[in-house]
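Peer 1: Below are the structure tokens for one structure; questions will follow.
Read-outs throughout are calculated quantities, based only on the coordinates presented, and are distinct from any laboratory measurement. Computed from a prediction, not measured in an experiment: that's the story for all the values here. Neighbour counts run over all protein chains shown; Cβ positions are idealised from the backbone, glycine included.
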Amino acid sequence: MRKRWLGGLLYGAWITLGALYPPASMAGTTPIPAAAAPATTSSPAGPPPTIKIDKTSLDNGGTIVVSGKAPAGKPVFIEIWGDKLVRASHFDAKPDKTTGKRPYVLYMTSEMPAYYKLFVPVSDQDKLSQAKASGKKWNLDSLLKEVGAAGIYSTPGKIKIDRYQATLMGSIVGSRGQMLPAMAEQENRRRSMELVKVRFRSPDKVLGAEVKVSPDGAYRAEIKIRKGIAPGKYTVVAAVDGNTRSQAASFENHIGFPLIYLPNAGTSINLFWPFLLTLAISIFGVLMGAGGGFIMNPLFVSLWPLPHAVVAGTVMPTVLFSQGSGIYNYSKIKFISWKLGVTIGLAMVVGGFIGPKLTELITLDQFKFVFGWILLVLSGLMFWQTTPGYLAKNKKEQAILKEFKQKAEANAKAKGN
Amino acid sequence: MTVNFWGHEFKVNVVLGCLGGFLIAVVSSMFGFGGGPFMVPLMTVGLGLPMYVVVGSSLLAIFFNTMMGTARHYQFGNFDLTFFLIMFPAAILGGFIAPQIAKRVSPLTVKRIAVVGLALLALNLLGVY
């Protein structure tokens, strides 16, 4: 019985893998020709830069050399973005500088590129290092202005962003709030920068100082595309200012087993690591009598660039099965007070309705902060359970529990026969 | 409310139980964990029920929360199927392996390790180190 069931599980896993990795012949045999980009020519900056890339295909990241010729004496910037899109949201509850009123507006997009990076001339390395050193307070808007790339930042600036006016009542009944009219282009751009920060977290994921420009305008950049990014088509464009852009070059990033792309998280990850981690934590969780979710959630958001809402929303259902089978086993021997369980359960249903709404209103840092305190409390609870007084009481309780359970089992058996 | 369990009657403070359950459900569904280690103390210490009443019934109460939380996270697009398909078999496999190990280690040792491990993880999340 159990063997057949395990076989089904393995079969299911095999089917899943087959669906996730299409036959190699289907993927990436045709190099995608550089798409004709709308290169604006009539500009005082002179002709747009030319662009050449040395590869059209990467295998889970790698180094790609971008070179070309730009008008002499101009800084050259290179923008790279992927075609896979993910969701990002940002809740603005900071008091307004002039009025002091908190806006409580939720900004949300489903068009954030899973990968976006802007490369600036190597001479700007200091400014990037400074931003990196300033920790979590970095601001993309001012950083772009500092390196003179404010006009270059283009692709994420055009994503569609929905705005919702959140209210306390709305959050309680679980609504995102009233949808506000679309923003003007400039405001959309500014808000998109906040979402880029939410998505990529650290300035060195968004900006890199890699472009070497010669006095005659020839430029060259050896760009390291990091591991673990989305598969798919990537577009590369060189620009000297907002209106003078090169044609688009493109390359394809491939990933293969055991790497796997998580479409909702926008990250590729070696599937063995989360599998082994989940296995280890769930074993430890059962042993200590607490679910694994406590440890899994904070570890997953810390170890991988996964959005905290996706981690919370995906870890939660993994315990449904074990909880369900536990309830089934207890109910078989009539070891559940349905009256008590359902009464408190109904209160918990209301709580479970509200909670997931709040996940998207908090930032990753707030998520970690609150989780830190939850774990401290839990650690305190566990410590209390190791104190001699508790142990003595628990020993008695466990003995009674065992006695009752045996009685219940015997009873169930007697009825079965 | 009076609960009858195997011939014993228990008086239960419904207001405290429901309020506590509600708060635990909000936090646990917000952060994506089960809530068992908080429900059990609530029902034993807060409601004064013996362990043998609590083990099954707390699981039932939490199950309500997990189902609702899962549905709501799914509704808000927080569910990643691929990620789930990696974790789910591991969680089930863990459920089969754990009882085998449980026979060999003392629960007290496991709890002591958990105290230290959880505290370290907590301090890390709070940015202490």
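Peer 1: For the stretch B:80-129, rounded, prolate or oblate, judged on the Cα gyration tensor with a ≥ b ≥ c (square roots of eigenvalues), a/c < 1.5 rounded, else prolate if a/b > b/c?
Peer 2: Working: a/c = 5.70, a/b = 1.11, b/c = 5.12.
Oblate.
Peer 1: Name the shape class, rounded, prolate or oblate, that the alpha-carbon gyration tensor gives for the stretch A:332-403, where a ≥ b ≥ c are the square roots of its eigenvalues, rounded holds for a/c under 1.5, and otherwise prolate holds if a/b is larger than b/c and oblate otherwise.
Peer 2: Numbers: a/c = 4.39, a/b = 1.36, b/c = 3.23.
It is oblate, given that a/c is not under 1.5 and a/b is not larger than b/c.
Peer 1: What net charge do the residues around A:A309 carry, taking every other residue with its C-beta under 15 Å from that of A:A309, with Lys and Arg at +1 and Asp and Glu at -1?
Peer 2: On the way: positive: A:R87, A:R176, A:R199, A:R201, A:K357, A:K368, B:R72; negative: A:E360, A:D365, B:D80.
So the environment of A:A309 carries a net charge of +4.
Peer 1: A follow-up question, please. Return the whole-Å distance between the Cα centroid of the stretch A:49-103 and the Cα centroid of the stretch A:298-377.
Peer 2: Each part reduced to its Cα centre gives a spacing of 36 Å.
Peer 1: Find the all-direction average of the projected area of the Cα convex hull for chain B, expressing the result in square nanometres with one decimal place.
Peer 2: On the way: hull surface 43.5 nm².
Computing the convex hull of the Cα atoms and averaging its projections yields 10.9 nm².
Peer 1: Another question, if that's okay. Most mobile of A:M296, A:M183, A:M108 per a Gaussian network model of chain A (Cα springs, under 10 Å)?
Peer 2: A:M183
Peer 1: Taking K and R as +1 and D and E as -1, what net charge do the other residues with C-beta under 15 Å from the C-beta of A:V173 add up to? Write out the running numbers ahead of the final one.
Peer 2: Working: positive: A:R176, A:K357, B:R72; negative: none.
Result for the neighbourhood of A:V173: +3.
Peer 1: If R₀ is 35 angstrom, what is the calculated FRET efficiency for the pair A:K94 and B:L123, using the beta carbon separation as r and rounding to 0.05?
Peer 2: Details: r = 28 Å, r/R0 = 0.79.
With a Förster radius of 35 Å, E is 0.80.
Peer 1: Separate question: Please report the spacing between the Cα centers of the stretch A:381-407 and the stretch B:57-92 in Å, no decimals.
Peer 2: 30
Peer 1: How many percent of Cα pairs in the stretch A:126-279 exceed 24 Å? Working shown, then result.
Peer 2: Numbers: 6122 of 11781 pairs.
Value for the stretch A:126-279: 52 percent of Cα pairs lie more than 24 Å apart.
Peer 1: For the stretch A:181-230, how many pairs of lysine residues have a Cα-Cα distance under 18 Å, where the two are 8 or more positions apart or belong to different chains? Could you put the intermediate results ahead of the total?
Peer 2: On the way: A:K197/A:K205; A:K205/A:K224; A:K205/A:K227; A:K212/A:K224.
So the count of such lysine pairs works out to 4.
Peer 1: What FRET efficiency comes out for the pair B:L23/B:F96, r = Cβ-Cβ distance, R0 = 35 Å, nearest 0.05?
Peer 2: Working: r = 33 Å, r/R0 = 0.95.
According to the calculation, E is roughly 0.60.
Peer 1: Same structure, new question: Please report the antiparallel percentage of the DSSP beta bridges confined to the protein assembly as shown, to the nearest 5.
Peer 2: Values: 53 of 60 bridges.
For the protein assembly as shown, the DSSP antiparallel bridge percentage is about 90.
Peer 1: With only alpha-carbon atoms in the gyration tensor, what are the semi-axes of the equivalent ellipsoid for chain A, in Å, largest first?
Peer 2: Details: eigenvalues 523, 143, 74 Å².
After scaling each eigenvalue by five and taking roots: 51, 27, 19 Å.
Peer 1: Could you give each residue of the stretch A:215-232 its phi-based ³J(HN,Hα) in whole Hz, using Karplus coefficients 6.51, -1.76, 1.60 with θ = phi - 60°, and x for Gly or Pro?
Peer 2: x, 7, x, 5, 10, 8, 9, 9, 9, 8, 8, 5, 6, x, 9, 5, x, x
Peer 1: Follow-up question, since we're still on this one. Could you let me know the centre-to-centre spacing of the stretch B:93-125 and the stretch A:196-240, using Cα atoms, in angstrom?
Peer 2: For the stretch B:93-125 versus the stretch A:196-240, the Cα centre distance is 43 Å.
Peer 1: At 0.36 nm per residue, and after removing the present C-alpha to C-alpha distance, how many nm does the segment from A:E185 to A:A150 gain when stretched out fully?
Peer 2: Numbers: separation 35, 0.36 × 35 = 12.60 nm, distance 1.43 nm.
That works out to 11.2 nm of additional length.
Peer 1: Please give the FRET efficiency for A:K227 paired with A:A410, using the beta carbon to beta carbon distance and R0 = 56 Å, rounded to the nearest 0.05. Don't skip to the answer; put the middle values down first.
Peer 2: Values: r = 58 Å, r/R0 = 1.03.
Here the calculated transfer efficiency is 0.45.
Peer 1: Give me the dipole magnitude in Debye, nearest 20, for the protein assembly as shown about the Cα centre, with unit charges on the beta carbon: positive for Lys and Arg, negative for Asp and Glu.
Peer 2: Details: 56 positive and 28 negative charges, 296 e Å.
Charge dipole, the protein assembly as shown, about its Cα centre: 1420 debye, nearest 20.
Peer 1: Which lysines, if any, have their Cα less than 29 Å from the Cα of A:K407, not counting same-chain residues under 8 positions apart?
Peer 2: A:K332, A:K334, A:K339, A:K393, A:K395, A:K396, A:K415, B:K11, B:K103, B:K111
Peer 1: Let me ask something else about it. On full extension of the chain, what length is gained from A:S325 through A:N243, given 0.36 nm per residue of separation minus the C-alpha to C-alpha distance?
Peer 2: On the way: separation 82, 0.36 × 82 = 29.52 nm, distance 6.18 nm.
Contour length minus Cα-Cα distance gives 23.3 nm.
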